[in-house]
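Participant: The structure is given below, and queries will be raised subsequently.
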Amino acid sequence: MNVLLEARRLEKQYKLGGGRVLHAVSDVSLQVHRGEALALVGESGCGKSSLGRTLIGLTQPTSGEVLFDGHRISGLSDHALRPWRARMQMVFQDSSAAFNPRRTVGESLAEPLRIHGRKNIRARVDDLLDQVGLARSVADRYPHEFSGGQRQRLNIARALVLGPDLLVADEPVSALDVSVQAQIVNLFRDLRASLGVACVFISHDLSVVRQMADRIAVMYLGSIVEEGDGLEVLDRPAHPYTKALLDAVPRPDRPLPPPLKGDVPSPVNPPSGCRFHTRCPIAQPKCATDRPSLQPCGVGRRVACHYPLVA
Ligand SMILES: Nc1ncnc2c1ncn2[C@@H]1O[C@H](COP(=O)(O)OP(=O)(O)OP(=O)(O)O)[C@@H](O)[C@H]1O
Ligand code: SF4
Ligand SMILES: [Mg+2]
C-alpha cells in the first residue's frame, strides 16, 4: 500500500494544574497516502494542531504510535528523529516569524541546505523560488519587503527546501486576504501535482478544504468523527457533527438552519459515550453510554456514529 504516514491510537494529553488532564487528541488512527492531500477540519480547540504536531514528531504522543514510511518515529530522541525531520515539514499560519529579519531570504533558504551538506545551493534556491512562483531576484531581499501572500510563498519554499515527502500545513491561508488565499491554495495544488508531496492541510474553513482535499477527516473534541473522500464528506455528510459544520456555512440559497445547542464541552472532562451526544440533534439514549468507534460506512469512508445519516 502507498501509506506514507500512519497514526495508531494516538493520544495527546496535557497535564494542567491540580492533577487535571486535558485530552487534546483521543484515540486517533489515520493514514496519509503518498502524494495525497488530507484535510483536518473542526472547530477551534478540537485538537487539529496538537494532532498535526504529533504526526510529525514536533511533540510526543502520550500513547499510541506514529509510523513514517513504515518506521516508528514516535518515541525517538531528537537526534534519532533528525533524518526523518527533513522528510516532513510544517507550514504555519503566521509566516512573518519564520524568517530571520536580518538575513536575505536567499541566505535563510540556503541555510538548511548548507547544514545538510548539499551542493549547488544557489541553483537549488533558484529552483525553490520558481516552484513557489516568486522571481529569483527576491533572494537578495529581506523578509519585511514582502506582502503576506509572498511571505507565505517563502514559507512554503522553506518547507520544501530539503525535498520533503510530507507537508503539514496548519491553517496556512487563514491569515491572508480571500483573494490571496485562492492563490496559495492553487500553489499547494500545483506543488502536489509537480512534486508529489503529500499534504496534511489543517483548516477550519470548509470552502478552502473543498478546493484542496482528496480526503477529509473531521475532528470533534480530540477524535475523528468522520473520514472519507473530500467531496463525498462535504456533499453527503454521514456524521451529525459534519452536517452541523456544513449547515453553519452561510449560503445564498437557503436560510441559516438553527445552530447547534450548547457549547463544545471541556476536553478536561469530556462527555461519556459519544462525545457529541450533548449537542447532537438526533441523539438517542444509547449515545450517552456507548462510545461509537470509527466504522466503515460506504466506500473508503469511516464514521463514528450509532445512527449515521447515510448508509
Ligand atoms: N501546550 C498546551 N498545554 C495545555 N493545553 C493545550 C496546549 N496546547 C493546546 N492545548 C489545548 O488542547 C486543546 C486542543 O488544542 P489545539 O491547539 O490542538 O486545537 P486546534 O483545533 O488546533 O484549535 P485552533 O483551531 O484554535 O487552532 C485545546 O483545548 C487547547 O486549549
Ligand atoms: S452516536 Fe448518537 S450522539 Fe453521537 S453523533 Fe451519532 S446519533 Fe449523535
Ligand atoms: Mg490550531
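Participant: Using the Karplus curve 6.51 cos²θ - 1.76 cosθ + 1.60 with θ = phi - 60°, what ³J(HN,Hα) values do you get for each residue of segment 111-119, in whole Hz, with x for Gly and Pro?
Facilitator: 4, x, 5, 5, 4, 8, x, 6, 9
Participant: Among 304, 230, 270, which residue has its Cα positioned farthest towards the positive end of the charge dipole of the chain, with +1 placed on the Cβ of Lys and Arg, -1 on the Cβ of Asp and Glu, and the dipole taken about the Cα centre?
Facilitator: 270
Participant: Of the options 252, 142, 218, report the single residue whose Cα projects farthest towards the positive end of the charge dipole of the chain (beta-carbon charges: Lys, Arg +1; Asp, Glu -1).
Facilitator: 142
Participant: Give the value in nm², to one decimal: projected area of the alpha carbon convex hull of segment 111-197, averaged over all directions.
Facilitator: Details: hull surface 23.4 nm².
Here the figure is 5.9 nm², rounded to one decimal.
Participant: Moving to a separate point now. Specify the angular offset, from 0 to 90 degrees and rounded to the nearest 10, of the alpha carbon long axis of helix 178-195 from the longest principal axis of the alpha carbons in the chain.
Facilitator: Taking Cα atoms only, the helix is inclined about 80 degrees.
Participant: Hey, another quick one. May I ask you to derive the FRET efficiency for residue 295 and residue 33 from their Cβ-Cβ distance with R0 = 25 Å, giving the value to the nearest 0.05?
Facilitator: Rounded to the nearest 0.05, the efficiency is 0.75.
Participant: Report, to the nearest 10°, how far helix 121-131 tilts away from the longest principal axis of the Cα atoms in the chain, using its own Cα long axis and a range of 0 to 90°.
Facilitator: The helix 121-131 is inclined about 50 degrees to the chain.
Participant: Rounded to whole Hz and in sequence order, give me ³J(HN,Hα) for segment 33-41 from the Karplus expression 6.51 cos²θ - 1.76 cosθ + 1.60, θ = phi - 60°, writing x for Gly and Pro.
Facilitator: 8, 4, x, 8, 10, 10, 9, 9, 10
Participant: Given 4 °C and 1.567 mPa s, how large is the Stokes-Einstein diffusion coefficient of segment 59-132 in µm²/s, with Rh as the Kirkwood radius over Cα pairs?
Facilitator: Estimated diffusion coefficient is 87 µm²/s.
Participant: Could you please report the charge total around residue 65, scoring K, R as +1 and D, E as -1 over all other residues with beta-carbon less than 9 angstrom from its beta-carbon?
Facilitator: Values: positive: 8, 9, 72; negative: 6.
Its environment carries a net charge of +2.
Participant: Further question: Mind pulling up the Rg/Rh value for the chain? Radius of gyration and Kirkwood radius, both on Cα. Write out the running numbers ahead of the final one.
Facilitator: Values: Rg = 20.4 Å, Rh = 20.6 Å.
So for the chain, dividing Rg by the Kirkwood Rh gives 0.99.
Participant: Follow-up. Within 10 Å of each candidate Cβ there may be at most 14 other Cβ atoms; applying that plus a DSSP loop requirement, which trypsin sites (Lys or Arg not before Pro) in segment 68-156 survive?
Facilitator: On the way: sites: 72, 85, 87, 102, 103, 114, 118, 119, 122, 124, 136, 141, 151, 153; in loops: 87, 102, 103, 118, 119, 141.
Counting only loop positions with at most 14 other Cβ atoms within 10 Å, the trypsin sites (Lys or Arg not before Pro) in segment 68-156 are 102, 103, 118, 119.
Participant: Mind giving me the FRET efficiency for residue 186 and residue 126? R0 is 30 Å, r the Cβ-Cβ distance, nearest 0.05 is fine.
Facilitator: Efficiency at R0 = 30 Å is approximately 0.90.
Participant: Name the shape class, rounded, prolate or oblate, that the alpha-carbon gyration tensor gives for segment 216-311, where a ≥ b ≥ c are the square roots of its eigenvalues, rounded holds for a/c under 1.5, and otherwise prolate holds if a/b is larger than b/c and oblate otherwise.
Facilitator: Numbers: a/c = 1.75, a/b = 1.15, b/c = 1.53.
Oblate.
Participant: Related question: Along the Cα→Cβ direction, 7 angstrom out, place labels at residue 71 and residue 140. What is the inter-label distance in nm?
Facilitator: Output for this residue pair reads 4.1 nm.
The numbers here are math on the coordinates, done by the rules we state, and not lab data. Please read all numbers here as calculations on a predicted model, not as lab measurements. For neighbour counting, all protein chains shown are included, and Cβ atoms are generated from backbone atoms with ideal geometry for every residue, glycine included.
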